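For reference, the structure discussed in these notes is given below.
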Amino acid sequence: MASKEPAELTNEDLVREAKRLRPLKIMDAVLIGVLLGIAIYSTVRSGAGLLSFLPLVYLPIARKNRIRLGKVEALLQERGMT
């Protein structure tokens with residue numbers, strides 16, 4: 001189901017996808033916060049290194065999740081299911 005575009009989903013699948021994606025918003029924020037904390041601690045402790053750039057690796061994933069949730073919620077509103 002993850003490979004389909006939101007516009008191709010049936011109403012039931014769209015609702016299911018929205019329920020699956022909503023908690024990801026909070027999880028993304030928590031994970032980015034933790035990664036930022038690790039990066040700051042690592043930078044202060046031993047200078048700039050690999051862990052200093054760790055949050056930058058996760059940002060595209062979080063952005064993709066947020067864009068997909070926006071598309072799903074827009075389709076739910078368009079179909080009058082909200």
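None of the figures in this text is laboratory data; all of them are computed from the coordinates on show. Quick caveat: nothing in here was measured; it's all calculated off a predicted structure. Using ideal geometry, Cβ is built from the backbone for each residue, glycine included, and neighbour counts are taken over all protein chains shown.
Summary of values
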read-out: Inter-probe distance in nm under a simple model that places probes 7 Å from Cα toward Cβ, at Val34 and Arg68; value: 1.9
read-out: Extension reserve of the Ile61-Arg79 stretch, reckoned as 0.36 nm per residue once the Cα distance is removed; value: 3.8 nm
read-out: Förster radius 30 Å - calculated FRET efficiency between Leu54 and Val15, Cβ distance, rounded to 0.05; value: 0.30
